[in-house]
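Visitor: Pasting a structure here, questions to come.
The values are calculated or read from the model by the stated rules, or taken from the named source; none is laboratory data. Everything quoted here is computed from the prediction, not taken from an experiment. Every residue, glycine as well, gets a Cβ built from its backbone with ideal geometry; the counts of neighbours run over all protein chains shown. Keep in mind that these areas ignore ligands, DNA and RNA; they rest on the heavy atoms of the full protein, side chains included. Shrake-Rupley method; radii C 1.70, N 1.55, O 1.52, S 1.80 Å.
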Amino acid sequence: MSKWRFAIVIGASSGIGEALARQLSSQGCKVALVARRTDKLNVIADELGSAAKDRPLVFEHDVLNTADVPGLFEKICKDLGGLDLFIFSTGVMPVLPDDMYDTASDLNVIETNVAGAVAWINEAADRFQKTRFGTIVGIGSVAGDRGRRGMPVYGASKAFLETYLEAIRNRTARYGVKVVTVKPGPVDTPMTQGIGRPLPMLISANDAAATILRATENDGVVYVPWQWKPIMWIIRHIPSFVMKRINI
Amino acid sequence: MSLELSSKSHRELLSSSYLERVESWGMSIYAASYVYRPSCITDLKNIFKLAKETGRSVALRGAGCSYGDASLNSENITLDLTRFNRILDWDPYSGIIAVEPGVTLEQLWKKVIGDGWWPPVVSGTMYVTMGGAVGMNYHGKNNFKLGPIGEHVLEFDILLPTGETITCTRKNETDLFYSAIGGFGMLGCFTRIVLQMHPVETGQVEVTAFATDSFQHIYEEFEQRAEAADYLVGWIDCFAAGSQLGRGQVHAARYLSAHEVYLPEQTLRIENQDLPDTLFGIVPKSIMWRFMKLAANPLGMRIINSSKYALGRTIGNNKTMNQSLTGFSFLLDYMPGWKRVYSPGGLIQYQSFIPNENAVKCFEQQLMICQKRGIVPWLGVFKKHRKDDFLMSHAVDGYSLALDFPVNDSNREQLKSLTDELNSLVIQSHGRFYFAKDCTLTKDIAAKFLGEKTLRCFARLKKKCDPQNILQTDLSRRLFGDWTQFADDLTGSRI
């Protein structure tokens, strides 16, 4: 049995979000699935609803529409009947050739990964601060730990998320709220499949989700899998003059 | 602050400005709810209007002293009535008092005692509101003698979610009178309650304490003493097993008459009733729970219970003393903040009411089940009851045992399966339950103890008073869901 009774997963139609939603639902948690593609969400909800006590609820939403967030958040909480766990698992990572600059694509990354996250997590944090319980999970990335040659804006968006979540954690901890920053390495999802080359230490979305749910017992930063923690420690400490010369 | 619904949009009223954590008294359950604290009837009506227009339900809440989810309403509206706290009228000659629902028991006794009156039925804490007391039809240590508080209500005004206010007495709107009392806030909101106080000559009771060594023994003592005593309460050491099972201590009390007390008028003064805030005149009681917390584990509690029994059996056995009415009545207030001993997980209280013929056996089995499963209540309280005429009554001609269980993350599941087993046992013993304490019942168990006829009768009144089902709580949804499921084909009423 899950300790969670009610959860919202933003970005539940695929990848880590979908895996988290599936595991939460199968553990008896009532889940709200939020994404653009409701056809996909409905398939997941039907599948889960046949086994779980409660069929997950489905909500159509594009995180680019930040103005819709407050109203939708209130509606979801009401329809769920409560909220313990809020997961923001939406993110885009356009695969661009090295050395290419594409401002339109980069701004879209910022809109989705940054503005979308802020719009939702602000709502969740405001609510949890008032209700003095709840856990927020944000899916960052190891890519946020260092400014690397490839995908500068994606990496920066994840670095933003980490600092932002840390601030939210420090702001809400005194009200009993937990904030978990998840930093996965490569996870086998549609997002990474776009890269088209083998990735190091690739894990399945299911394994990632299981690790993330275990991490919600505490708050703080969690690397998924844990081996990324020492690896990223080393990478964070590579001197700048070396970083300029290597391709990682 | 008036809510000024006309000037505030639904968005503003259902914003996080009004969102709050609402907790059960036992602290083990909590919910997020939009909480409003109106101070006038107009705003009460406005809240009902807001609920209807936004499709949300409304829970009525007083001081929040129900142990479980009786005044919780997740993601919906909570009407906190504590600002309706005026005493509207008091007649010291007849002992009749009219109060608003948010008036606390503390306000009540402080108002009446100086004139030689005392609330006929009091709970273990004086911080409950009278609206909550009547809504739950609470009982005290004298339930066998004076019944629940409902028997002392002469009249009340109730505001229905439809906007209509009805005055109910035993003769006028009889059905609503006997159903709204104990109707756990499902039919309407009391706006005025008229109560008959109980005359007392002094502010003291004579308390006799003695030890008992089994449920059979305590039962016999209660039966024997019920005639002479005004109050009877038993404490049970739930850790004792085998031949010691059900051992405990009884406190029997009777009101003292004027000739038995030196300067009886002095005993009726509030300053001679107030609970002291220090132990031995030195140690502030408000810090005591921190020391008690050191014993907040099964071993510590076993030692405390055994020591209490050992003292009660030896130096405290058959001791008689005079005690102030408040000192005897409000045991839960004696140690401020004591419930924090159970923090952070909180506690649940499991209270079942068992008819005379099955009581001893059922309570023995209850404790044996707890001990076998390794979840032993830290406190057990034994009381005697009598039947009453209220529709949703919890009382029986028999006894109740209230068991305090600590809750933590690791025992929630086992506690659930334990209470499921206890619930079945209570149903087999033709027992009943009390909504102010409950957080373990299921729809099935509630239907069994209340009976189909009672539920249909209540559902019919619910439909009449609250056709849009505005008044709901987490408890009402858990136990009854949608009231329309109870077919409305009953003609005539139970009463």
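Visitor: Using only the Cα atoms, what convex hull volume per residue in Å³ does region B:90-240 have?
Guide: Taking the convex hull of the Cα positions in region B:90-240, it is 140 Å³ per residue.
Visitor: Averaged over its residues, how many other protein chain Cβ atoms are within 10 Å of peptide B:406-413's Cβ atoms?
Guide: 1
Visitor: Next question. Measuring from the lowest to the highest alpha carbon on each principal axis, how far does region A:6-243 reach, largest first, in angstroms?
Guide: Its Cα atoms span 54, 40, 34 Å along the three principal axes.
Visitor: Let me ask something else about it. Per DSSP H run of at least 4 residues, take -39500 (n - 2.57); add these up for chain A, divide by its residues and hand me the 222 nm value, nearest 500 deg cm²/dmol.
Guide: -13500 deg cm²/dmol
Visitor: Which of the residue pairs B:LYS111/B:LYS437; B:LYS145/B:LYS339; B:LYS141/B:LYS308 have a Cα-Cα distance greater than 25 Å in the structure shown?
Guide: B:LYS111/B:LYS437; B:LYS145/B:LYS339
Visitor: If amide H atoms are built 1.01 Å from N in the plane of the peptide, which residues on other chains or at least 5 residues away come under 5 Å of the amide H of B:GLY182?
Guide: Result for B:GLY182 returns B:GLY135, B:MET136, B:ASN137.
Visitor: Another question about this same structure. What does the helix-only formula give at 222 nm for chain B: each DSSP H stretch with n ≥ 4 adding -39500 (n - 2.57), the total divided by the residues, and the result rounded to the nearest 500 deg cm²/dmol?
Guide: Result for chain B: -8500 deg cm²/dmol, rounded to the nearest 500.
Visitor: Determine the principal axes of the Cα atoms in chain B, then give the extent along each, sorted from largest to smallest and rounded to whole angstroms.
Guide: Sorted largest first, the three principal extents are 66, 53, 47 Å.
Visitor: Let me ask something additional. Starting at the first residue of region B:62-75, write each ³J(HN,Hα) from the Karplus equation 6.51 cos²θ - 1.76 cosθ + 1.60 with θ = phi - 60°, in whole Hz, x for Gly and Pro.
Guide: Values per residue, Gly and Pro as x: x, 7, x, 8, 6, 5, x, 9, 5, 10, 9, 8, 3, 6 Hz.
Visitor: Okay, next question. Can you pull the semi-axes for region B:391-460, root of five times each eigenvalue of the Cα gyration tensor, sorted largest first, whole Å?
Guide: Output for region B:391-460: semi-axes of 24, 14, 11 Å.
Visitor: Shifting gears a bit: Among the lysines, which fall within straight-line cross-link reach of A:LYS244, defined as a Cα-Cα distance under 24 Å, with same-chain neighbours fewer than 8 residues apart omitted?
Guide: Within the straight-line limit of under 24 Å, A:LYS244 reaches these lysines: A:LYS158, A:LYS183, A:LYS229.
Visitor: When the gyration tensor of region B:445-485 is built from Cα positions, what are the square roots of 5 times its three eigenvalues, in whole Å, from largest to smallest?
Guide: 16, 13, 6
Visitor: What aspartates and glutamates does B:LYS463 reach when the alpha-carbon gap must be under 15 Å and sequence neighbours fewer than 8 apart in one chain are set aside?
Guide: B:GLU164, B:ASP175, B:ASP482, B:ASP488, B:ASP489
Visitor: So, one more: How many percent of DSSP beta bridges within the protein assembly as shown run antiparallel, rounded to 5?
Guide: Bridges in the protein assembly as shown are about 65 percent antiparallel.
Visitor: What Rg and what Dmax come out for the protein assembly as shown when only alpha-carbon atoms are used, in angstroms?
Guide: Cα only, the protein assembly as shown: 29.7, 101 Å (Rg, Dmax).
Visitor: Another question, if that's okay. Using the Cα gyration tensor of region B:206-277, with a ≥ b ≥ c the square roots of its eigenvalues, what is the shape: rounded (a/c below 1.5), prolate (a/b larger than b/c) or oblate (neither)?
Guide: Since a/c reaches 1.5 but b/c is at least a/b, the shape of region B:206-277 is classed as oblate.
Visitor: Per the 1.4 Å probe, what fraction of the accessible area of region B:204-444, in percent, lies on carbon and sulfur atoms?
Guide: Ligands and nucleic acids excluded, carbon and sulfur reach 56 percent.
Visitor: Hey, another quick one. Over both sides of the B-A contact, add up the buried accessible area with a 1.4 Å probe and give it to the nearest 100 Å².
Guide: Summing both sides, the interface buries roughly 1300 Å².
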